[in-house]
Amino acid sequence: MRRILAPVLVAALLVAGCGGPAAPPAAGEQLARFTVQGGKRVAGPERLEVARGQAVRIEVTTDADDELHVHGYDEEVELTAGKPGSVVFTADVPGLFEVELHHSGAKLTQLRVGA
């Protein structure tokens, strides 16, 4: 029984991390979703304001492969066209930070973390 369960569990974990439907926000997590088409943000807030110490998830779906980067937190994730990708972190540094895509140069939002 254990030999069968382990591969099934591994397969389920791999599928869960490969795109698919977006997960709902966790309790207390601030979620911001963005859509990028043709190298430009077409959906998502211009500014994301969060309290210091709050969990943040920034999720992006783009029509071209790219890399999401949150300045000041050095959070990055490779994005695959058509599949949502996200970074999750605790906003523990106060200030105003740019969130962008590296390859297209698209500016997604400004992250403002309260003091």
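On segment 43-115, 45 percent of the accessible area sits on carbon and sulfur atoms, based on a 1.4 Å probe.
Semi-axes of the equivalent ellipsoid of segment 38-115 are 22, 12, 10 Å, computed as sqrt(5λ) over the eigenvalues of the C-alpha gyration tensor in descending order. Take every pair of alpha-carbon atoms less than 8 Å apart whose residues are at least six positions apart; their mean separation over the length of segment 62-115 yields a relative contact order of 32 percent.
Residues in segment 29-106 average 50 Å² of solvent-accessible surface per residue, probe 1.4 Å, ligands and nucleic acids excluded. Our estimate of slack between Arg33 and Arg52, defined as 0.36 nm per intervening residue step minus the Cα-Cα distance, is 4.9 nm.
The values are calculated or read from the model by the stated rules, or taken from the named source; none is laboratory data. Since the model is a prediction, treat every value here as computed from it, not as a measurement. The protein model used for the area step is the full one, side chains on, heavy atoms only, and it has no ligands, DNA or RNA in it. Shrake-Rupley method; radii C 1.70, N 1.55, O 1.52, S 1.80 Å.
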